[in-house]
Every structure is written in structure tokens, then in C-alpha cells.
1. Which residues, counting only those in the range 375-386, are part of a strand (DSSP E or B) and either out of contact with any strand residue (DSSP E or B) (no Cβ under 8 Å at 6 or more places or on another chain) or of a type in the set (S, T, N, Q) (or both)?
2. Could you name every one of the strands (runs of 3 or more DSSP E) located completely within the range 115-206 that has at least 1 residues being closer than 24 Å to ALA280 by Cβ and of a type in the set (Val, Ile, Thr)?
3. Tell me whether the range 354-361 contains one or more residues that are of a type outside the set (Asp, Glu) and on the phi > 0 side of the Ramachandran plot.
4. Name the residues in the range 277-335 that are within 27 Å of SER358 (Cβ to Cβ), β-branched (Val, Ile, Thr) and either outside the structural domain of PRO357 (by TED's automatic domain parsing) or without any contact (Cβ under 8 Å) to a residue 60 or more places away in the chain (or both), would you?
5. In the range 307-344, what residues are under 18 Å from THR240 (Cα atoms) and either more than 23 Å from the chain's Cα centre (by Cα) or among the aliphatic types (A, V, I, L, M) (or both)?
6. Cβ-Cβ under 8 Å, sequence separation 6+ or interchain: first residue in the range 107-125 and in the same structural domain as ALA184 (by TED's automatic domain parsing) and small (Gly, Ala, Ser), partner surrounded by fewer than 18 Cβ atoms within 10 Å (Cβ to Cβ) and in a loop (DSSP other than H, G, I, E, B). Which pairs?
7. Among the residues of the range 175-199, what is the count of those that are hydroxyl-bearing (Ser, Thr, Tyr) and at pLDDT 85 or above?
8. Take the residues in the range 242-268 that are modelled with pLDDT of 90 or more and acidic (Asp, Glu); name whichever of them is surrounded by the most Cβ atoms within 10 Å (Cβ to Cβ).
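The values are calculated or read from the model by the stated rules, or taken from the named source; none is laboratory data. Predicted, not measured: the structure shown is a model, and the values here were computed from it. Quick reminder, even Gly has a Cβ in these numbers, built from the backbone with ideal geometry, and neighbours come from all protein chains shown.
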Amino acid sequence: MNFVNFGTNQNEVINDDKKPTEDIQEKRKKEFEDFAIIVLEGVIDDLTFTPNKNNNEDLKILEEQIMSTMNELAGKSNKHFLPGDKQKIAKLVLDEIIAFGPITSLLEDPTITEVMVNGYNSIYIERLGKIEKTDKVFRNNQHVLHTIDKIVAPIGRRVDESSPMVDARLPDGSRVNIIIPPLAIKGPTITIRKFSTDPYGLEDLITFGSLNMSMAKFLRSCVRGRLNIIVSGGTGSGKTTLMNVISGFISHDERIVTIEDAAEMQLQQDHVVTLESRTANIEGKGRITIRDLVVNSLRMRPDRIIVGEVRSGEALDMLQAMNTGHDGSITTVHSNSPRDALSRIETMVLMAGMDLPSRAIREQISSALDLIIQISRFNDGTRKITKITEVIGMENDTITLQDIFRYNQEGFDETNKVIGHYLPTGIVPSFMEKLRAHGENVQSSIFKCAD
């Protein structure tokens, strides 16, 4: 736990205009940390029920028990704390019991988008696209493992030496990756990609500069016009956020099946079936892969299939679904450009174990996909759609692409913020007739290059 700046012992009054030395601060930090741990152990020993953090009555009883135990232990050890200090200690003890210990305050901070525990005494965050180290620490590796158990237990996952890696999620949908020794040399590691309780909308992305209004209108028509779309980008580039936003354009009268390793999509429609893969149990049985779920989803009468990310052989099944009447499907893939995305998909199809010639795979890809949206994260922490690219078809053995919109970076301003602008390439997509057939009237003027 991190027990920094709890306050001062009343026997050691410090004037406002005098600051204690770093040695004294460290001494007090250790003193308060040790006392808070004692309070926590005392509360756990006396706890007669399992508190539900969503039950206000449970929380009230627990808080009273924490304060009672704290006062009793402080009296026995002749320690004196200011009321405000007691409240801070009580909050930290409460976080240990019903939340996630030292990282609880980080998870509650809406300005933080990622929390990274690299070891018990090394915790980083991402805020506004920039990574910074925090002063938060766990007591030891065992303390981190205890927090990990609290994360994975409610969703039926497990982490141990036989299964040292796991993907999980928090109750609010935030994505969690965990890896422990012997694979993680420096101790248990936790990476949490936070999701906003109020999901971003299209207007937010425009405000952030991730795209402009013309691109937004075009993407809305593409989704409503049931084009098959790949969202491509690197790690942390905002693929899932973008997919959440564009999936919001899907009509509420359509049946949507989402498939993910750890359920994290935040669709706003009512008719959504959420499927989640499952790891093997302790006997090594019962594993359900993304590919299994994609195959099963075809029997569920979906209007749309949305796969959180294709990483392996499920790419083949996804392409087949797109080619057999399930238009309007959306998925994401890790890659640095639209061309790289196609190469990765081709490689993943081969991972399905099918002995198919390259040309046959590329023909499947070219006939299945309509649009690739490339999103990138820049050095200043901003995320921008750098290309919206149409998949045209085959030319000899090569899949042909053409950019519809692209982002032109011009440099950096005096604060090192990226400067640039979005522009159409002047090319009118070949699928315009398909959009019109679905009632989407896209003005051709948005594709004209500025003079």
C-alpha cells in the first residue's frame, strides 16, 4: 500500500512555514504505513461478513468497523492522529478490502487511461497520452498477487505457475493483462487499459482531432451501408475506442454478436449478444477460442458480427462470414498500415491450418473487405485516423488499395503538439452504389481535394 502524507502525530507539531527533511518524511511514511497494515489485519480478523462494495449499508458497517479498530489500536499503541488523517487511513484500508489497494485511486481518476504495475514498487500511468511514474507502491510481491486474485476470481479466471498469463476485465469493463513469475522476472505485472464510464462519442473524437466532420459523415454512411470494415493500428492507438464509436452507427433493430477475449466493448444498442473466450481449466480442458465463437456465432442469426481483435486462425472464419451474407461486420487488427493489415490477415489465415495458395487467400480478403481505417498514436499522445482506405480488388496477385482520406502531418508547434490536417485524396470510392442501395446518400463533394 502507499501511505504517503497521512498527516502528523499530534506530539510532533510542524509549523506551516517549516518543512521536515526528507529523512523525517520517510520515517513518518514508514510509521504510518506500518500502522495502517496493523489496522487492516485487525479489521480482516474481526470481519464477520463479506462486504458488497455496491451495497451502501455494507460499506457503512465496514467503515464503522475500520474506524473502531483504528481507534482501539491507536489507543493501545499511544498514537494520535488528526481526524483528517484517520479518514485517509480508513480510505486506504477500505480500498484494500473491497477494491484494488494502492492502484484504486488511479483507477478512479478519470484523467488516467492506463495503469501499469511493473513490480510491487514500480507503478506507471498514462495520462493524456503520456506515460509517467507514480509514487504508489505495493508492500511486496505477495501484496500484488493478492490484488491479482481479487481481479481474476470474480470472472472465473486463475493465475498460477501453471497458467502465468491471463486476460481479464474489471467490473467497469476495463481490460486487464496479468503475467506473473516465472515469466515476469521482476515480479507480478499488471496492465490495465481503462474505459471511461461515459464512453466517447463521435463528437468527442472530432474534438480530440482524431478525425474531421467529413470523415465522420463518411464512416457513418459506411457502417450504415453495411460495409465490412477493419480498424487497424498499433498497441494503444485507440482501435477499440474507435470501433466502439463507429459501431454506434448500427441500427438498433439489428442483432449484433460481439466476440472478444475479454469483454470490453461498450455498445449502446439493446439487441447485443456478448461472447467471451475461455481459457482451459486446471485439468487443461474446456478452452473455448475466438475461432470457436466465430463459428458458433454464424448459427446465432446475427445481422452483424463484431470481433474485438483477430489474432490467429479466426481470421479465416471471419472472412468467410463476411463473404457469406454477414455484411457490415467489423473487427480490429494490429498493424502499422493498411497494406500491413492485409499481410497480417493473410498470415493469420495460414495459421488456421488450411493449405491454401496465397492467391486464393488474397481473393478471399479482397472480396470480403471493403474498408480499412488506420489509426495511429503520435509522439504527443494524440490518436488520429491517418488513412481511410478502400479495398478495391485483385490485380494479378496483388490486392489493390486506394486511400480515400489521409492525415498530412506538417510538423510540431512550440509545445511539441503535432500539426497537420486531414484531406481527401480526390478519389470517389467504388462502393458508392452499394451505399445508395442501403439508403446512404454520400455527397461526392466531400471527396474533392481543396484547391
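1. Of the residues in the range 375-386, the ones part of a strand (DSSP E or B) are 375-377, 383-386.
The answer is SER376, THR386.
2. Numbers: elements: 122-127, 130-133, 165-169, 175-179, 189-193.
Once the strands (runs of 3 or more DSSP E) in the range 115-206 are filtered for at least 1 residues that are closer than 24 Å to ALA280 by Cβ and of a type in the set (Val, Ile, Thr), what remains is 165-169, 175-179, 189-193.
3. Step one: filter the range 354-361 for residues of a type outside the set (Asp, Glu), giving 354, 356-361.
Adding the requirement that they be on the phi > 0 side of the Ramachandran plot leaves none.
There is no residue in the range 354-361 that is of a type outside the set (Asp, Glu) and on the phi > 0 side of the Ramachandran plot.
4. THR289, ILE290, VAL294, VAL295, ILE305, VAL307, VAL310, THR324, listed by residue number.
5. VAL307, VAL310, ALA315, MET318, GLY328, ILE330, VAL333, ALA341
6. Sorted first by the residue in the range 107-125, then by its partner, the pairs are GLY119/LYS186; SER122/LYS186.
7. Residues that pass the stated criteria total 2.
8. GLU254
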